[in-house]
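In what follows, a structure is listed as structure tokens, so that the remarks can point back to it.
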């Protein structure tokens, strides 16, 4: 079956290889004069946003974290805030201190040291060290606070050296890099989580993480007419489970359109490529309006993780287009989709159950697309997310201002 007309002529990109309680530090000696004794209510802020270092924050986004950071930056700027983005090389409108190694190369003598860690580890370490040092020095008098979305340990480990508070959002399950930093004394003025599920996972290290659900822009993810085909979109990697979507679509007797970058060559060749042209069409990596149009013209979107998805941004994006979701019950997806409720975005079935996934396609296709869109607008919109983070920022800055000594605002630069 040919690809639907909503897709551009596919130009398949080359396959890419995949290469205890929180510490709240005493900031009385590193308090910024920008926050001390100054109310933040109603005024615009300067927010340093730390993004991911593996892929750029740019369309077409490589994954949910890059899409989240792009939407956060855009939404804060639309609300009148100044945003300094620190992210991977190639990110849109980012600061010059990029998180890709910062131009560092080991000298020849160091390179010959047999105990030297892997070059990629050292490059990423140096990049984050360089950004944290720039925040402590070059940007010290410009920034109100840092919103840390990095998956690296240094922003947590060095947050106490900054002259302004840090807000850290948990986007993933606990990882050794971050938990080791927290266990060793790293911290953040406030922790947030993208779902209650993910917050519960992080509770041993951050028991009071505030939940701010991810949101998507209703103006970018506009309602579509729907269709008969099913759609799966995201990174074509094993943990996202597109092979399960292929099996479910076949059992449901529906054509499946796949959209996304192939980031695991072996997996794609073994589990995806043999099905192409046999009820499955891969359209390459789309972003922006072409992706939104494709989502809006799908009958339903399949979300098939084989890991505990922290949130499931594709479910929110699909629903904002009015397209119902059929998801496997992993991680925070039930919290996002809310099956059986008055604000349901679709259906959720037992994890790994391909037969149940196929059986749920019919009920999902019968859902009222306008009601799906309305449910997404009510609780998963970008404006709601931005308002949530603004509330967190202002609470943190208010606490920092109250803690600052009124008579003597001294900043001590960590050496």
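The values are calculated or read from the model by the stated rules, or taken from the named source; none is laboratory data. Owing to the predicted nature of the structure, the values given are computational and were not obtained by experimental measurement. So basically every Cβ, Gly included, is an ideal-geometry build from the backbone, and we count neighbours across all protein chains shown.
Among the residues that make up segment 76-88, is at least one of them at pLDDT below 95, out of contact with any strand residue (DSSP E or B) (no Cβ under 7 Å at 6 or more places or on another chain), farther than 19 Å from residue 146 by Cα and not assigned by TED's automatic domain parsing to the domain that holds residue 261? Among the residues of segment 76-88, not one is at pLDDT below 95, out of contact with any strand residue (DSSP E or B) (no Cβ under 7 Å at 6 or more places or on another chain), farther than 19 Å from residue 146 by Cα and not assigned by TED's automatic domain parsing to the domain that holds residue 261, which makes the answer no. Determine, yes or no, whether residue 208 is in the same structural domain as residue 67 (by TED's automatic domain parsing), assigned to a loop (DSSP other than H, G, I, E, B) and under 26 Å from residue 381 (Cα atoms). When the stated conditions are applied, residue 208 passes them.
Here's the yes/no breakdown for (1) out of contact with any strand residue (DSSP E or B) (no Cβ under 7 Å at 6 or more places or on another chain); (2) at pLDDT below 95; (3) not in a helix (DSSP H, G or I):
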{"site": "376", "(1), (2), (3)": "yes, no, no"}
{"site": "383", "(1), (2), (3)": "yes, no, no"}
{"site": "388", "(1), (2), (3)": "yes, no, no"}
{"site": "393", "(1), (2), (3)": "no, no, no"}
{"site": "399", "(1), (2), (3)": "yes, yes, no"}
{"site": "402", "(1), (2), (3)": "yes, yes, no"}
{"site": "405", "(1), (2), (3)": "yes, yes, yes"}
{"site": "409", "(1), (2), (3)": "yes, yes, yes"}
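With respect to the conditions (1) at pLDDT 95 or above; (2) on the phi > 0 side of the Ramachandran plot, residue 269 lacks only one, and its number is (2). Exactly one residue out of 370, 292, 300 is at pLDDT 95 or above and in contact with a strand residue (DSSP E or B) (Cβ under 9 Å, 6 or more places away or on another chain): that is 300. Assigned to a strand (DSSP E or B) and crowded, with 24+ Cβ neighbours inside 10 Å, is that true of residue 336? No. When residue 151 is tested against (1) surrounded by fewer than 15 Cβ atoms within 10 Å (Cβ to Cβ); (2) in a loop (DSSP other than H, G, I, E, B), just one condition goes unmet, and that condition is (1). Of the residues making up segment 19-32, at least one is modelled with pLDDT under 90 and within 23 Å of the chain's Cα centre (by Cα). Among the criteria (1) under 22 Å from residue 396 (Cβ atoms); (2) in a loop (DSSP other than H, G, I, E, B); (3) touching a strand residue (DSSP E or B) at 6+ places or on another chain (Cβ under 8 Å), the one residue 93 does not fulfil is (1).
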